Amino acid sequence: MTPWRFFWGQFHKRTQFQWFLDSIWKQMDWVGHPPQPLQPGQIACITTIRDERGFLDRFVEHHLDIGIDRIILIDNGSTDGSLEAAVALDRVSVLQTGLDYQTWKAFLPLPVIQRIAPDNWVVTLDMDELLRLPADEPDLKLPEFTDYLQQSGASAVVAHMLDMFRPGPIDDQSPERIQNGNWHWTPEGLVSTSIADEIRWGRNRYLNPEIRFLRGGARKLQFGTSPLLSKVPLFRSGTGVQRLGIHRVRCAVYANVNCILQHFLINSNLYRKVRRESRQVGWQAGEFYGSVQFPSGEQQIVVDIPGSRPFTNVADLESTEFLRVSDDYRRWLTTRRTGKKKRPPDKSAGAFGID
C-alpha cells in the first residue's frame, strides 16, 4: 500500500467516525442551561442515568468532594424522579437522549467529551460506582492525583470494581443506605489476566506490569458468573487516548497505580436491573444479568459469600489483587505527607484550624 493510500484511508475513517459522533450528539438535548467547556486543569465526570434516584445524591456528593468540577448526567428515560432531582443539583448538568442504552452506551460519552472536556481528565462511571483513590488520605483529592499522573507520564488509569454487599437477604440492602457503612467485600474468587492480553489493539505502554485485569470476585462466588471487574474510567482527553467499548482504552500510557470503584450492585436494586436488562439486552445480558436466577415463590436471594470481611479503607486492599501501587507512587505519597507536616500553620485560620 502506498503512503498516500494509507493516509487517505486513515483520514476517511476519522471523518466517518466524527460524522457518527455528530449524529449521536444530535440525539441529545440539554435540560436547562448547557455548561461552558471546562477550563484547563478541571475534571469532568460523565455517566448515564436511568431510574437511579436512590444512588443520585450520594454519587454526586462523593465525586464533587474528591475534586471533580463538573458532573454531566446523560438521562436515558428516567421515570422515578432522577431527572428532576439532578437538574436541581449544583455543578451538575443534564442531557436527555432517547437512544437505546445497550446499543449506544459505549459511545454516549464521546461527543460530550469532545465538546465539554476536550483537553481534560475525564471520569466515566456508572451511577452505582464510587471512585476511590489509592490512598486513604482525606485531603488527597483528584486534581492532585492527576497532577502526579501527568508527572509520571500516564494518560489512563485502571480501576477495579469492588463489589460491596451485606450478608443476608438481598431485599434488606437498600441502595439509599450506602452512606451508612457496614458493607462487606471479598478478595476471593478472582481470575486475572494481563492488560496486554485484554487490549490487543493500539500502541499502549504499561508503567506497572503488576496491574492486571480482574474477573469474578463476589459475583462469581454468589451467582456463579465471571464478570469483568476492571475498566479504565479515568483518562486524559486530547492525548490520543481512544475508548474501546465501556471498559478499555487504547493508545494510552497506563499508570503505575490503580484506583478502586466501590460497586453497589448486590442490593435491592438487583432485582429491577436484572429484569430490565434481561428484557432489553437479550444475549448481551448473558455474562451477568442473564445468568442471575431469582428464587421461586416468596424466597429471597440470600448473600453468603466466602471470605466476606467489612470494608474499612482502601489501604486494606493493597495486600490483594485489587490494589497495586508502584514504589514511585509510594515515594510520592511519603514526600507529600512529609511536606504537609513541615508546612507552617495557616495563621488566617481559626484557633482550631477552621474558619
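Here are the numbers for this structure:
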| read-out | value |
| --- | --- |
| Pairs, first in contact (Cβ under 8 Å) with a residue 60 or more places away in the chain in the range 190-205, second assigned to a strand (DSSP E or B) and open to solvent by 40 Å² or more (accessible area, probe 1.4 Å), C-beta under 7 Å, six or more apart | Ser192/Arg212 |
| Count of residues meeting criterion [among the hydroxyl-bearing types (Ser, Thr, Tyr) and either surrounded by fewer than 17 Cβ atoms within 10 Å (Cβ to Cβ) or in contact with a Leu (Cβ under 7 Å, 6 or more places away or on another chain) (or both)] in the range 139-156 | 1 |
| Wholly enclosed strands (runs of 3 or more DSSP E) of the range 163-254 bearing at least 1 residues at pLDDT 95 or above | 190-194, 212-216, 230-236 |
| Complete set of residues in the range 34-90 that are without any contact (Cβ under 8 Å) to a residue 60 or more places away in the chain, part of a loop (DSSP other than H, G, I, E, B) and open to solvent by 30 Å² or more (accessible area, probe 1.4 Å) | Pro34, Gln36, Gln39, Arg50, Asp69, Gly77, Thr79, Asp80, Ala88, Leu89, Asp90 |
| Among residues of the range 91-138, those that are crowded, with 18+ Cβ neighbours inside 10 Å and assigned to a strand (DSSP E or B), counted | 15 |
| Yes/no for Ala135 being under 20 Å from Gln262 (Cα atoms), modelled with pLDDT under 90 and not charged (D, E, K, R) | yes |
| Residues being open to solvent by less than 40 Å² (accessible area, probe 1.4 Å) and out of contact with any helix residue (DSSP H, G or I) (no Cβ under 7 Å at 6 or more places or on another chain) - total across the range 217-235 | 11 |
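The values are calculated or read from the model by the stated rules, or taken from the named source; none is laboratory data. Note that the coordinates shown come from a computational prediction; the quantities given were computed from them, not determined experimentally. Positions of Cβ are backbone-derived with ideal geometry, glycine not excepted, and every protein chain shown enters the neighbour counts. For the accessible areas, the whole protein counts, side chains as well, though only heavy atoms, and no ligand, DNA or RNA atoms are used. Shrake-Rupley method; radii C 1.70, N 1.55, O 1.52, S 1.80 Å.
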